[in-house]
Amino acid sequence: MANRKNWLGILVIVLVFGMTLVGCDDGSGGTDPALNGTWVNNDEYGNIRELNCNNGSFEQIYNNKPYAKGTYTTSGNNVTIKITHLHGDSFVGANQNGIQKLKQKQH
């Protein structure tokens, strides 16, 4: 269940990208400066996901720990993401944290 929540958070962030592009498309491709900044998503278990975008580079942070890094380009209403770094905590720490919080909520 916690793993499903992690992917849901990632999906929400990707949808934010897409919705931003719908309003800011100039058709030129490259990167859209409207995406620059920090996008934050909090879930019901207290997990915090941040996506920091800066002129074609991004870093995703999960509960104040690096999760992934990479690049992105925009073209029309599409965002293409290339993940170049995936941190080890993204496989172990994040999922264990979500499972622990889920167990606490059940009791």
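Observations on the model:
- If the condition is being under 14 Å from L86 (Cα atoms) and over 12 Å from the mean Cα position of the chain (by Cα), then the range 63-75 contributes K65, T71.
- Some residue of the range 10-28 being under 9 Å from the mean Cα position of the chain (by Cα), surrounded by fewer than 15 Cβ atoms within 10 Å (Cβ to Cβ), at pLDDT 60 or above and within 16 Å of I83 (Cα to Cα): yes
- Residue that is surrounded by the most Cβ atoms within 10 Å (Cβ to Cβ), among those in the range 42-62 that are under 13 Å from the mean Cα position of the chain (by Cα) and over 21 Å from N78 (Cα atoms): Y62
- Every residue from the range 35-62 that is part of a loop (DSSP other than H, G, I, E, B) and within 14 Å of I10 (Cβ to Cβ): D43, N47
- Search result, residues across the range 64-107 that are surrounded by 16 or more Cβ atoms within 10 Å (Cβ to Cβ), in a helix (DSSP H, G or I) and at pLDDT 60 or above: D89, S90
The values are calculated or read from the model by the stated rules, or taken from the named source; none is laboratory data. Predicted model, so just to flag it, every value in this text is computed and none were measured. When we count neighbours, we look across all protein chains shown, and the Cβ atoms used for this are built from the backbone with ideal geometry, even at glycine.
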